[in-house]
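Here the structure is laid out as structure tokens; the discussion comes afterwards.
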Amino acid sequence: KQEVTQIPAALSVPEGENLVLNCSFTDSAIYNLQWFRQDPGKGLTSLLLIQSSQREQTSGRLNASLDKSSGRSTLYIAASQPGDSATYLCAASTSGTYKYIFGTGTRLKVLA
Amino acid sequence: GAVVSQHPSWVICKSGTSVKIECRSLDFQATTMFWYRQFPKQSLMLMATSNEGSKATYEQGVEKDKFLINHASLTLSTLTVTSAHPEDSSFYICSASRLAANTQYFGPGTRLTVL
């Protein structure tokens, strides 16, 4: 059974710092892994999608990597801004079912 | 492209009533739709998977008679919370995917509050 864990659960950093969010999954047989942002009381905003055959994806200040062999993905945020404050969720699409198993989330606060 | 809408965005109801939430794919045909539930400060938990024209598949621990799912067309799925109680208060999010695609597109969510 796929389990997805995110570390840390919460993170507070000063504006301008580069930071890394971690996502671990137990079953390496995934179709893809996706990173989302969720603002309080809101739905999900898709940030980056990495297919199982890919190693990383980049969008602006965001870079996500995928290492299936170790069951890990990281989301790198460069030059963080207060507007980046949100909860970041990763989700692994389970091979054979297309189901998404979500991680526990990392609550990020970027201080001005 | 790939926009998913939900209606209503929020609803408040009395205990014992039933509530229907709609999930629509606006610009693509969604052969599969998923329903998730999110309790405060927790992550999303998959409730059920529905394929157009067939019965939904529920995750373990989800009562199919309480959470009725209908996926009657390629652009619409509905979730009905029957005889809602305060413990059903949650944020319900749907997602949709195209035929043989492994990417899901998420709706904005519906916040249900049962008094």
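The values are calculated or read from the model by the stated rules, or taken from the named source; none is laboratory data. It should be emphasised that the depicted structure is a prediction, and the values quoted were computed from it without experimental measurement. Methodologically, a virtual Cβ is constructed for each residue, glycine included, from the backbone with ideal geometry; neighbour enumeration extends over all protein chains shown.
The table below gives the values:
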{"read-out": "Answer residue from the stretch B:36-74, given it is farther than 30 Å from A:A86 by Cβ and touching an Asp or Glu at 6+ places or on another chain (Cβ under 9 Å) and is surrounded by the most Cβ atoms within 10 Å (Cβ to Cβ) among those", "value": "B:H71"}
{"read-out": "Filtered residues of the stretch B:60-91 (kept if touching a residue at least 60 places away in the same chain (Cβ under 8 Å) and either among the β-branched types (V, I, T) or farther than 17 Å from B:L115 by Cβ (or both))", "value": "B:T80, B:V81, B:T82"}
{"read-out": "Selection from the stretch A:5-62 of residues that are under 12 Å from the mean Cα position of the chain (by Cα) and of a type in the set (K, R)", "value": "A:R37"}
{"read-out": "The stretch A:76-96 - residue that is touching a residue at least 60 places away in the same chain (Cβ under 8 Å) and out of contact with any Phe, Trp or Tyr (no Cβ under 6 Å at 6 or more places or on another chain) and, of those, farthest from A:L62 (Cα to Cα)", "value": "A:G96"}
{"read-out": "Filter result for B:S77 (more than 12 Å from chain A (Cβ to nearest Cβ), among the small types (G, A, S) and in a strand (DSSP E or B))", "value": "yes"}
{"read-out": "Boolean, A:L111 is in contact with a helix residue (DSSP H, G or I) (Cβ under 8 Å, 6 or more places away or on another chain) and modelled with pLDDT of 95 or more", "value": "yes"}
{"read-out": "Any pair with Cβ under 9 angstrom, 6 or more apart, that starts in the stretch A:23-48 at a residue that is farther than 15 Å from A:S70 by Cα and facing another protein chain (nearest Cβ under 9 Å) and ends at one that is among the basic types (K, R) and surrounded by 15 or more Cβ atoms within 10 Å (Cβ to Cβ)", "value": "A:G41/B:R111; A:L44/A:R37; A:T45/A:R37; A:S46/A:R37"}
